[in-house]
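Read-outs throughout are calculated quantities, based only on the coordinates presented, and are distinct from any laboratory measurement. All values reported here derive from a predicted model rather than from experimental measurement. Cβ: placed from backbone, ideal geometry, glycine included. Neighbour counts: every protein chain shown.
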Amino acid sequence: MRKFNVTVNGKSYSVDVEEVGGGAPVLTSVSQAQTATAAPVQAAAGEGTAIKAPMPGLILGLAHSNGDTVKKNEKVVVLEAMKMENDVNSTVDGVITYVVKKGDNVDTGAVLAYVK
């Protein structure tokens, strides 16, 4: 029996794997690990209007830096979904604070940034 820690979509799991007769390993148990890194960091960004992912995908780029002023309908994130690049635009004017970074995978409805 070997023990591994596996991270899936930002959640950390402790996994026990049993080797059976030289074939592929067999998963015997999974439990969610309680680690400080399992939860996404949201800094002091919980204020303002949330800009959410319209679909699941990979964050290819951030169009601004934290603290930049953005206008309504201005591109703030480039999200790759199904091998297509999609612009995610701000829904309001204000100062942006990102919750995600380039390379993050996100689900539909995940908060990408706040505009205050």
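Once both labels are positioned 7 Å from their Cα atoms along Cα-to-Cβ, the gap between LYS83 and THR7 label points is 2.8 nm.
Placing +1 on the Cβ of every Lys and Arg and -1 on the Cβ of every Asp and Glu, with no other charges, gives region 77-116 a dipole of roughly 140 debye about its Cα centre. How would region 49-116 be classified by its alpha-carbon gyration tensor: rounded, prolate or oblate, with rounded meaning a/c under 1.5 and the a/b versus b/c comparison settling the rest? Prolate shape, in that a/c is at least 1.5 and a/b is the bigger ratio. The lysines within cross-link reach of LYS72, meaning a Cα-to-Cα straight distance under 16 Å and a gap of 8 or more places when in the same chain, are LYS52, LYS116.
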